[in-house]
Amino acid sequence: MIRRCAVVAAALWFLAALPASATVRYRISLAHPEQHFFRVTMTIPRAESGMEVALPAWNALYQIRDFAYRVQDVRASATAENGTAVPWHVTKTTKDTWKFTDSSISAAEASPRLIEVEYRIFWDDPGPFDSQLNARHAFVNFAEVLMYLPRRRGEDVRVEFTDVPAGWKTTAELGSGGADNSYSALSYDALVDAPAEIGNYDESKFSANGAHYRVVIDGDANEKANLVDGLQRIVSYETTLMKSAPFEEYLFLFHIGPYEEAGGGGMEHANCTAIGASSANGAERIAAHEFFHLWNVKRIRPASLQPVDYSREQYTRALWFAEGVTSTYASYALLRSGIWNRAAFYDDLAGQIADLDSRPARQWKSVEEASLDAWLEKYDFYARPDTSISYYNKGQIVGEMLDLTIRNDTDNHASLDDVMRRMNVEYAEKGKFYDDSNGVRGAAEEVAGRSLADFFTRYISGTSEIPYNEYLGLAGLQLRETQGESADLEFDVDRGPDGRSVVAAVAPGSAAQSADLAAGDVLLKINGEAFPRFISRWAREHLRPGESVRLAVERNGAQKTIQYAAGTDTQQHYEIIEIPNATAAQIRIREGWLKGTTN
């Protein structure tokens, strides 16, 4: 009875304080963070009996992850217009939907105008694709924590963090909620597109090309100066390229530390990004990719992803462009801003080609089909080289080949840069969405001045082998293949359900098996470094046959060290070289491609 009276009093205060346009309010308690439960109170004005509230089934990754399995103890209380308490009944109707019903049988009873839904949800997963609450900090992807009203997603919302531990700060790229530790957004969709960090983080600010940026680092900030310098170069190049900065302020939110603590990779948002990396040096490439998403996918957006449906898969054939060509521009940004030299750029492209050619599935799975199959990436079997290809990997390659094609067609008077800018004007700035690969092809053909049906049919919707030297030759370059020996780690890697790398299989009779490495071991470190996301590339760059491999792994909750000598793997090696005696036209295209210029 005391608790109910307190709830009614708080509810009446909130109802009186509501502006005419305000609607759903969330309070997220961080009390007892060591227990890993976010305690949520969702206050809904103008509630109606029989209304449904849901929690998204997916967010951040193209995977159905059913966040509702983390929810506990859902309950509701309500207030009638006359201020009396009204009992409401909670019924779970699907795996992630709850119905709230006025259980009063009196027809004279006024329908409640305001209801408070309370629940708790468990999260302690590191990285930009998840949420976490522990004694060190909190990171919140709001769609993974906050329920929503499916029929009222477009109404403005507020969120407030309460019981924030002493010494912790909060940050999110959202409007102020009018009180400490509170934020506002014009809709649920806008709210969940801006994650929050709460903790004792480090923060820096800088300006570039007239735009303002914040850099928040949770974890190791020792390399902050170098990181901020790299970010300034990246954002200056990309905003100059796109001739726009469609935001008032942009937030880079980094989790930097051991892979198992920070998580790996990055997640784009409308005016911010969240990035997990083992070191600041390793974060630049991720930042270059995620920042370009500001245009490509967040604003230049395929129609197949609109509007967002949080309850089921949304299929698109365009991830090769939305993600893969964004990787193209990440490599361009690193090169053209001076972070990479041309040798590093060539090495990266050669490595991408090697990665694609190492996957037999490329012979029958197109990059469009890989885009559709993104929802299968949570399954270990799908990750095998004979089962799938990466739309990031092949998308980056076809993006760079398409750029060379357009430059050749126009005698270097136009490029893929013009395609991106045209799509930004025609779609992003007009609030329209493009027709997946057909929309990209249409824009590219307008820039190239000819049909590109053959290119798109062969290499995007089809599975023809890409004639690399035909395209690279347009810029006086050659892909040279040699057979060589490289280190063999003698085990395969998958990503576990918590995002960490795990041993999928160990080669029978190998030194790794003799050293007691086993399937299911969680891979924490290799040779003293945080275990990398792209282990095959790391092995090529850091290890030779016969050299010592020292693995820190976790098995059954205990850590152990496994050491053995790397085996030998005979494989094709690729390098891109500049051919002697290139023509003036080839050199003009090459220099324009590398520098991002046209004639």
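The values are calculated or read from the model by the stated rules, or taken from the named source; none is laboratory data. Model, not experiment: these values are computed from the prediction. So basically every Cβ, Gly included, is an ideal-geometry build from the backbone, and we count neighbours across all protein chains shown.
Scanning the range 537-571 for residues that are touching a helix residue (DSSP H, G or I) at 6+ places or on another chain (Cβ under 7 Å) and either under 27 Å from Ala350 (Cβ atoms) or not aliphatic (A, V, I, L, M) (or both) returns Arg537, Tyr564, Gly567. Once the range 25-47 is narrowed to residues that are small (Gly, Ala, Ser) and closer than 22 Å to Asp125 by Cβ, the residue that is surrounded by the most Cβ atoms within 10 Å (Cβ to Cβ) is Ser29.
Going residue by residue through the range 204-217, is there one that turns out to be touching a residue at least 60 places away in the same chain (Cβ under 8 Å), surrounded by fewer than 19 Cβ atoms within 10 Å (Cβ to Cβ), part of a strand (DSSP E or B) and not assigned by TED's automatic domain parsing to the domain that holds Met147? No, the range 204-217 contains no residue that is touching a residue at least 60 places away in the same chain (Cβ under 8 Å), surrounded by fewer than 19 Cβ atoms within 10 Å (Cβ to Cβ), part of a strand (DSSP E or B) and not assigned by TED's automatic domain parsing to the domain that holds Met147. Of all the numbered requirements in (1) touching a strand residue (DSSP E or B) at 6+ places or on another chain (Cβ under 8 Å); (2) among the hydrophobic types (A, V, I, L, M, F, W, C); (3) touching a residue at least 60 places away in the same chain (Cβ under 8 Å), Ile234 misses one, and that requirement is (1). For the structure I just gave you, tell me whether Thr561 is modelled with pLDDT of 95 or more, part of a strand (DSSP E or B), exposed (fewer than 13 other Cβ atoms within 10 Å of the Cβ) and not basic (Lys, Arg). Yes: the conditions hold for Thr561. Please verify whether Asn599 is assigned to a loop (DSSP other than H, G, I, E, B) and without any contact (Cβ under 8 Å) to a residue 24 or more places away in the chain, treating the condition exactly as stated. No, not satisfied.
The set of residues from the range 277-318 being closer than 23 Å to Leu191 by Cβ, part of a helix (DSSP H, G or I) and aliphatic (A, V, I, L, M) comprises just one member, Leu305. Would you mind stating whether Leu551 is of a type in the set (A, V, I, L, M), surrounded by 12 or more Cβ atoms within 10 Å (Cβ to Cβ) and modelled with pLDDT of 95 or more? Yes: the conditions hold for Leu551.
Per the listing Ala196, Ala221, the residue uniquely in contact with a strand residue (DSSP E or B) (Cβ under 6 Å, 6 or more places away or on another chain), more than 24 Å from Ala54 (Cα to Cα), crowded, with 18+ Cβ neighbours inside 10 Å and without any contact (Cβ under 8 Å) to a residue 60 or more places away in the chain is Ala221. Out of the residues in the range 224-263 that are among the small types (Gly, Ala, Ser) and over 21 Å from the mean Cα position of the chain (by Cα), which is surrounded by the fewest Cβ atoms within 10 Å (Cβ to Cβ)? Per the stated criteria, the residue is Ala225.
Against the test of being outside the structural domain of Ala383 (by TED's automatic domain parsing), surrounded by fewer than 18 Cβ atoms within 10 Å (Cβ to Cβ) and under 30 Å from Ser331 (Cα atoms), the options Ile535, Ile587, Ile526 yield a single qualifying residue, Ile535. Among the criteria (1) out of contact with any Lys or Arg (no Cβ under 6 Å at 6 or more places or on another chain); (2) modelled with pLDDT of 95 or more, the one Ala354 does not fulfil is (2). For the range 319-363, taking the residues that are in a helix (DSSP H, G or I) and among the basic types (Lys, Arg), the one that is farthest from Ser437 (Cα to Cα) is identified as Arg342. Arg480 meets each of the listed conditions (1) under 24 Å from Tyr382 (Cβ atoms); (2) assigned to a strand (DSSP E or B); (3) not acidic (Asp, Glu) apart from (1).
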